[in-house]
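Quick notes on the structure that follows.
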Amino acid sequence: QVHFVESGGGLVQPGGSLRLSCTASGLAFSLAAMGWYRQAPGKQRELVANISAGGVPNYAASVQGRFVISRENTKNTMYLIISNLKPADTAVYFCNGGVTASWPWGQGTQVTVSL
């Protein structure tokens, strides 16, 4: 059974940074494209960044230049460094497949950007 554990969120001031982690189990992680998603209050979940099995990243326009996605296949872990944070980045961040989010969702990690 595929299982994701997200961590690293928190309360941060505008302009701050965080590093989010996603540890996966139950799948051939090194062969899978992976993605980071977020869901803000009252909004639909959206894909913010994905990374191919070979490590090629792609970003949503809203986070381009501020977010960096990476992966460490030996640890079945993916990361998202989020920088120059804005209040609009406040959301619960999740990980899942990078092409289609076909696996069960984890609990996510809350990121709150506020003074």
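The values are calculated or read from the model by the stated rules, or taken from the named source; none is laboratory data. Here the structure is a predicted model, which means the values were calculated and not measured. Positions of Cβ are backbone-derived with ideal geometry, glycine not excepted, and every protein chain shown enters the neighbour counts. Note: areas computed on protein heavy atoms with side chains; ligands, DNA, RNA excluded. Shrake-Rupley method; radii C 1.70, N 1.55, O 1.52, S 1.80 Å.
Once Rh for the range 1-62 is found with the Kirkwood sum over Cα pairs, what is the Stokes-Einstein diffusion coefficient at 4 °C and 1.567 mPa s, in µm²/s?
Values: Rh = 13.5 Å.
Approximately 96 µm²/s, per Stokes-Einstein.
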If you roll a 1.4 Å probe over the chain with all protein chains in place, what percent of the accessible area is carbon or sulfur? 53
How much length is gained on full extension from Ser30 to Gln44, taking 0.36 nm per residue of separation minus their Cα-Cα distance? 2.2 nm
Does anything in the range 1-24 have its amide N under 20 Å from the 7 Å Cα→Cβ label point of Ala53, and if so which residues? 1-4, 23-24
Just the number please: accessible area per residue for the chain, 1.4 Å probe, all protein chains included, in Å². 51
FRET efficiency (Val99, Arg19; Cβ distance; R0 35 Å; to 0.05) is 0.90
